[in-house]
Amino acid sequence: MNDLEYLLAGPARPSADATDPGVQRLRAVVAARAHEQNLLDVAYRTIDTPVGQLLVAATPTGLVRVAYARQDHDAVLTGLATRISPRVLFAPRRLDDVARQLDDYFAGRARGFEVPVDLRLAHGFRRTVLEHLPDVRYGRTVSYGQLAAQVGSPGAARAVGSACATNPLPLVIPCHRVVLGDGSPGGYVGGPEIKRVLLDLERGQ
Amino acid sequence: MSLPPFDRVVTEYGPVVLRVCRSLLPVHDAEDAAADAFLAALEAYPRTRPGSDLKAWLVTIAHRKAVDILRRQARHAVPVAEVPEPSGSAETALPDELLWAAVRALPAKQRHAVAYHYVADLAYADVAAIMGTSEAAARRNAADGIKALRLRYPSPPGSPPESLPNEERP
């Protein structure tokens, strides 16, 4: 390839450069116009928090996904494209309110989240469990067995455990407040260390 | 196999679509055309076959959007030379702008063939499909275009030497 062809073709790997200002403007304009034209099926952004970078995603119905870094954000986005719609766009402004509420939560200024949620990624018994979880208030905990009894399925502690493990909206739907029968934290989608951090935060420690 | 999130399509193909639009239109119109193209692509995206050639598809849509904009301008325009772009913006500072201006000054067929073959790196068969010509005509227009460009656009100092092997491209 000679000089002129080289200049025309541009950087060999332009895809690596998502910080190109032209591309950033393009992303913003496409997201804004997609929203106006009802083509923004899934909006997402990331938020830096004391428990690492979170990915948050919303449909026009409400918040549909919260994911910790260890859940692999690329894989989560691919999953949303497959399960909801491939019209997934980076649209931070659509999620400013959620970002602000997360800031307030981690700063201890808020004890819960006031956001519409879209539970379409949860089904059956798991969804029932998630719908009951907001009854477990800030600073309190409940055991897997107790929660199973509360949703009318005593003995289904294990199924409650898998509902928590597959919670599409951790933090906002507080599965971190479900602990083992002996009071120890137990497992968590974000990892056991993060569960401990959240429980300590809510105990005011 | 499923479709990747559209945002990934924008970040992966945004640079090439913007460059193609820049070689056809002044900078402001180029960004509009690229946004129009991605929005049209977004609308149709869920019906796209996974694994299809997204670059050729996007460049085809960008071609139509650019042609729309050029037609609209031709209808309204007073025939003057190309309006100079506002000075002082980040884009005009790019050495690229001289190159894009030279491409835009080519006759239409050569300009489009250069944009799709040399800028977008599409095969002549794809260039021919976009332009509605034969493959031979696409090849000839691209060759004539690059020859004309070489006369109008002398290599700026600091550009890579002719002998630079492909694998040493950054």
- Query: Does any residue in segment A:43-69 that is touching a residue at least 24 places away in the same chain (Cβ under 8 Å) and basic (Lys, Arg) come within less than 6 Å, Cβ to Cβ, of a residue that is assigned to a loop (DSSP other than H, G, I, E, B) and crowded, with 21+ Cβ neighbours inside 10 Å six or more places away or on a different chain, and which pairs are these?
  - Reply: A:Arg65/A:Pro168
- Task: Output the number of residues of segment A:107-130 satisfying the condition of being in contact (Cβ under 8 Å) with a residue 60 or more places away in the chain and of a type in the set (Asp, Glu).
- Result: 1
- Taking the stated definitions as given, is A:Ala34 more than 10 Å from chain B (Cβ to nearest Cβ), at pLDDT 90 or above, buried (at least 17 other Cβ atoms within 10 Å of the Cβ) and touching a Lys or Arg at 6+ places or on another chain (Cβ under 8 Å)? no
- Residue hits (segment B:1-40; at the interface with another protein chain (Cβ under 8 Å from one of its Cβ atoms) and charged (D, E, K, R)) are B:Asp7, B:Arg8, B:Glu12, B:Arg19, B:Glu31
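Per-residue answers, yes or no, for (1) under 26 Å from A:Gly62 (Cα atoms); (2) free of Cβ contacts under 8 Å to residues at least 24 places away in the same chain; (3) among the β-branched types (Val, Ile, Thr):
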| site | (1), (2), (3) |
| --- | --- |
| A:Gly161 | yes, no, no |
| A:Thr166 | yes, no, yes |
| A:Cys175 | yes, no, no |
| A:Gly187 | no, no, no |
| A:Gly190 | yes, no, no |
| A:Glu193 | no, yes, no |
| A:Val197 | no, no, yes |
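Inspect all residues belonging to segment A:62-80 and state whether any of them is farther than 30 Å from B:Phe38 by Cα, out of contact with any Lys or Arg (no Cβ under 9 Å at 6 or more places or on another chain) and open to solvent by 70 Å² or more (accessible area, probe 1.4 Å).
Scanning segment A:62-80, I find at least one residue that is farther than 30 Å from B:Phe38 by Cα, out of contact with any Lys or Arg (no Cβ under 9 Å at 6 or more places or on another chain) and open to solvent by 70 Å² or more (accessible area, probe 1.4 Å), so the answer is yes.
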- Could you figure out which of (1) more than 9 Å from chain A (Cβ to nearest Cβ); (2) modelled with pLDDT under 95 isn't true of B:Ala44? (2)
- Count of segment A:73-125 residues which are facing chain B (nearest Cβ under 9 Å), part of a loop (DSSP other than H, G, I, E, B) and under 18 Å from A:Pro170 (Cα atoms): 0
- Message: Taking the conditions exactly as written (within 24 Å of A:Val64 (Cα to Cα) and crowded, with 20+ Cβ neighbours inside 10 Å), does A:Leu199 satisfy them or not?
- Response: no
- Query: If a residue has to be among the acidic types (Asp, Glu) and open to solvent by less than 20 Å² (accessible area, probe 1.4 Å) to count, how many in segment A:149-196 make the cut?
  - Reply: 0
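The values are calculated or read from the model by the stated rules, or taken from the named source; none is laboratory data. The model shown is predicted, which means the values in this text are computed figures rather than measured ones. Here the Cβ is made from the backbone with ideal geometry for all residues, glycine too, and neighbour counts use every protein chain on show. Please note that ligands, DNA and RNA were not included when accessible areas were found on the heavy atoms of the full protein model with its side chains. Shrake-Rupley method; radii C 1.70, N 1.55, O 1.52, S 1.80 Å.
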